[in-house]
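Engineer: The structure that follows is given in the form of structure tokens.
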Amino acid sequence: MNRNIDLSKHSALLVFVAGGLAGVAAALLFAPQSGSKNRGAIGRRIREGLERGRRAGARVAAKGGAILAGLEDRKGRVVS
């Protein structure tokens with residue numbers, strides 16, 4: 001049963017990404033700007049998204065490290 005749940009989550013993610021790509025394609029086709037302006041805007045948005053992703057990754061890593069440290073401390077107290 002867990003395998004079915006995992007597959008449905010992946011399917012939902014795939015549909016979400018595909019919808020996003022279709023939206024981007026439609027926006028580019030109907031954009032009132034020139035191609036060079038669109039490429040510049042897309043590049044800027046990609047850089048901004050990558051930076052947000054890096055910051056989010058750093059926050060997750062820091063939080064995970066804190067959780068791991070807390071678990072190791074608890075393990076030490078239980079074993080002692």
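Engineer: Which residue pairs have Cβ atoms under 9 Å apart, sit 6 or more places apart or on different chains, and have a first residue in the stretch 3-26 that is under 22 Å from I42 (Cβ atoms) and a second that is modelled with pLDDT of 75 or more and of a type in the set (A, V, I, L, M)?
Structural biologist: V24/I42
For (1) at pLDDT 90 or above; (2) at positive phi; (3) hydroxyl-bearing (S, T, Y), each residue gets a yes or a no:
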{"site": "D6", "(1), (2), (3)": "no, no, no"}
{"site": "H10", "(1), (2), (3)": "no, no, no"}
{"site": "L13", "(1), (2), (3)": "no, no, no"}
{"site": "L21", "(1), (2), (3)": "no, no, no"}
{"site": "A27", "(1), (2), (3)": "no, no, no"}
{"site": "S34", "(1), (2), (3)": "no, no, yes"}
{"site": "N38", "(1), (2), (3)": "no, no, no"}
{"site": "R44", "(1), (2), (3)": "yes, no, no"}
{"site": "R54", "(1), (2), (3)": "yes, no, no"}
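The values are calculated or read from the model by the stated rules, or taken from the named source; none is laboratory data. None of these values were measured; they are calculated from a predicted model. FYI the Cβ positions are ideal-geometry reconstructions off the backbone, even for glycines, and counts take in every protein chain you see.
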